[in-house]
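**Student:** One structure, as structure tokens, below. Some questions next.
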Amino acid sequence: IMADDKDVLRDVWFGRIPTCFTLNQDEVTEREAEAYYLLLPRVSYLTLVTDKVKKHFLKVMRAEDVEEMWFEYEGTPLKWHYPIGVLFDLHASNSILPWSITVHFKNFPDQDLLHCPSSSVIEAHFMSSIKEADALKHKSQVVNDMQKKDHKQLWMGLQNDKFDQFWAMNRKLMEYPTEEGGFRYIPFRIYQAMSDRPFIQKLFRPVSPEGNAYTLGDLLKEMYPAAITNDGEQKRYQVVIHGIEPLLETPLQWLSEHLSHPDNFLHICVVPTPSD
């Protein structure tokens with residue numbers, strides 16, 4: 001039996017990344033901008049939790065020098081529509097903490113990032129992910145049976161960091177008929193640190209036609225065989241979900257129910273093993 005499942009959900013929800021935000025050196029300031037430290041929630045989105053960062057740096061800037069705020073790590077613009085934990089695991093999982101993020105207020109990289117003028121844009125992105133996931137899991141039946149206020153409860157739970165409020169509704173999205181042994185398909189995305197391709201996302205069932213549970217290893221064998229270390233080989237990649245490397249024998253259905261982000265997708269990062 002797995003660790004107490006409710007504790008797993010809590011650990012995922014309350015995962016934090018200590019982060020140091022510094023202002024890009026090219027920004028025009030009236031006086032020196034000090035770094036700003038924040039514990040970032042892994043399951044949230046950068047643009048949702050950085051109002052304090054913005055206020056902090058605006059204190060030393062003139063209004064005419066301020067355009068849309070965006071973030072970068074070691075030259076890579078950070079896509080706010082990926083969950084924070086995914087960004088960290090993908091780009092910085094083997095770096096020293098705190099994570100050092102550079103803040104920009106001009107030269108927005110349109111070709112790399114989506115604009116995020118308001119939190120309603122984040123909400124729309126989040127809800128469309130949940131709907132896409134439910135189309136895969138239940139042919140959209142669960143999400144379509146919910147009322148507008150139920151959708152709002154999911155979003156407010158995430159926005160206000162309310163674990164119980166969120167899970168009171170989200171557990172409905174995690175149910176399935178016992179006789180089926182799992183969801184119709186597993187909503188997952190596999191990200192590669194070394195690729196220009198955004199992510200791998202295809203149809204994959206949690207249970208074989210014979211009724212056996214597929215594992216994380218089965219998914220990788222099919223979608224990204226290079227990530228698996230064969231006997232006698234040096235380990236080339238780490239397969240990371242929420243900052244940990246789950247055993248490849250872990251059933252995919254269990255992972256989907258317990259290690260999905262609030263958007264209901266299992267986000268899997270494949271990163272090169274650090275060379276010591």
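The values are calculated or read from the model by the stated rules, or taken from the named source; none is laboratory data. Just so we're clear, the structure is a prediction, and the values are computed from it rather than from any experiment. Methodologically, a virtual Cβ is constructed for each residue, glycine included, from the backbone with ideal geometry; neighbour enumeration extends over all protein chains shown. The area values use the complete protein model at the heavy-atom level, side chains included, leaving out ligands, DNA and RNA. Shrake-Rupley method; radii C 1.70, N 1.55, O 1.52, S 1.80 Å.
**Student:** Show that you can apply the helix-only estimate: for the chain, add -39,500 (n - 2.57) for every DSSP H stretch of four or more residues, divide by all residues, and state [θ] at 222 nm to the nearest 500.
**Tutor:** After summing the helix terms and dividing by the residues of the chain, the value is -9500 deg cm²/dmol.
**Student:** In segment 171-276, which GluC sites (Glu not before Pro) are in a loop and have at most 10 other Cβ atoms within 10 Å, using DSSP for the loop call?
**Tutor:** Answer by residue number: 210, 233, 249.
**Student:** R0 = 45 Å: FRET efficiency of residue 106 with residue 231, Cβ-based, nearest 0.05?
**Tutor:** Efficiency, from the Cβ-Cβ distance: 0.30.
**Student:** Moving on. What is the sum of charges, Lys and Arg at +1 and Asp and Glu at -1, for the other residues whose Cβ falls under 11 Å from the Cβ of residue 115?
**Tutor:** Taking every Cβ under 11 Å from that of residue 115, the sum is -3.
**Student:** Taking the Cα centre of segment 109-242 as the origin and placing charges on Cβ (Lys, Arg +1; Asp, Glu -1), which of 217, 144, 188 is farthest toward the positive end of the dipole?
**Tutor:** 144
**Student:** Turning to a different aspect of this structure: Quantify, in whole percent, the carbon and sulfur part of the accessible surface of the chain (1.4 Å probe; protein heavy atoms only).
**Tutor:** 49
**Student:** Then there is this: Using only the Cα atoms of segment 205-266, build the gyration tensor, take square roots of its eigenvalues as a ≥ b ≥ c, and label the shape rounded, prolate or oblate: rounded if a/c is under 1.5, else prolate if a/b is larger than b/c, else oblate.
**Tutor:** Oblate, since a/c reaches 1.5 and b/c is not below a/b.
**Student:** Hey, which of these cross-link pairs are over 23 Å Cα-Cα: 131/162; 79/139; 6/148; 139/202?
**Tutor:** Beyond 23 Å: 79/139; 6/148.
**Student:** So, one more: Taking loop as defined by DSSP and a crowding limit of 15 other beta carbons within 10 Å, which GluC sites (Glu not before Pro) in segment 11-92 fit?
**Tutor:** 30, 32, 34, 67, 68, 74
**Student:** Assuming a ≥ b ≥ c are the square roots of the Cα gyration tensor eigenvalues, decide whether segment 27-127 counts as rounded (a/c under 1.5), prolate (otherwise, with a/b larger than b/c) or oblate.
**Tutor:** oblate
**Student:** May I pose another question? Quick one: longest stretch of the chain between exposed loop trypsin sites (Lys or Arg not before Pro), exposed meaning at most 12 other C-beta atoms within 10 Å and loop per DSSP?
**Tutor:** No qualifying site falls inside 63-138, the longest such stretch.
**Student:** Further question: Using alpha carbons only, how many degrees (0 to 90, rounded to 10) separate the axis of helix 119-138 from the longest principal axis of the chain?
**Tutor:** Rounded to the nearest ten degrees, it is 10.
**Student:** Using 0.36 nm per residue, how much length does the chain from residue 197 to residue 160 gain when fully extended, once their Cα-Cα distance is taken away?
**Tutor:** 10.1 nm
**Student:** Ok, one more. With charges set only on the Cβ (+1 for Lys and Arg, -1 for Asp and Glu), what does the dipole of the chain come to about its Cα centre, in debye to the nearest 20?
**Tutor:** So the magnitude is around 640 debye.
**Student:** Can you bin segment 138-220 into rounded, prolate or oblate? Criterion: square roots of the alpha carbon gyration tensor eigenvalues sorted a ≥ b ≥ c, rounded for a/c under 1.5, prolate for a/b above b/c, oblate for the rest.
**Tutor:** oblate
**Student:** Moving on. Considering only DSSP beta bridges where both residues belong to segment 149-276, give the percentage that are antiparallel (nearest 5).
**Tutor:** 60
**Student:** On full extension of the chain, what length is gained from residue 66 through residue 245, given 0.36 nm per residue of separation minus the C-alpha to C-alpha distance?
**Tutor:** The residue 66-residue 245 span can extend by a further 60.4 nm.
**Student:** OK, next. Please calculate how many Å² of accessible area the chain carries per residue, with a 1.4 Å probe and no DNA, RNA or ligand atoms counted.
**Tutor:** Dividing the accessible area of the chain by its residue count gives 52 Å².
**Student:** Let me ask something else. Which angle between 0 and 90 degrees, to the nearest 10, do you get for helix 148-159 versus the longest principal axis of the chain when only C-alpha atoms count?
**Tutor:** Compared with the principal axis, the helix lies near 60 degrees.
**Student:** Given (1) 177; (2) 145; (3) 274, which label gives volume of the Cα convex hull per residue in Å³ as computed from the coordinates?
**Tutor:** Here volume of the Cα convex hull per residue in Å³ agrees with entry (2).
**Student:** What is the gain in length, in nm to one decimal, between residue 212 and residue 140 on full extension, counting 0.36 nm per residue of separation less the C-alpha to C-alpha distance?
**Tutor:** 23.5 nm
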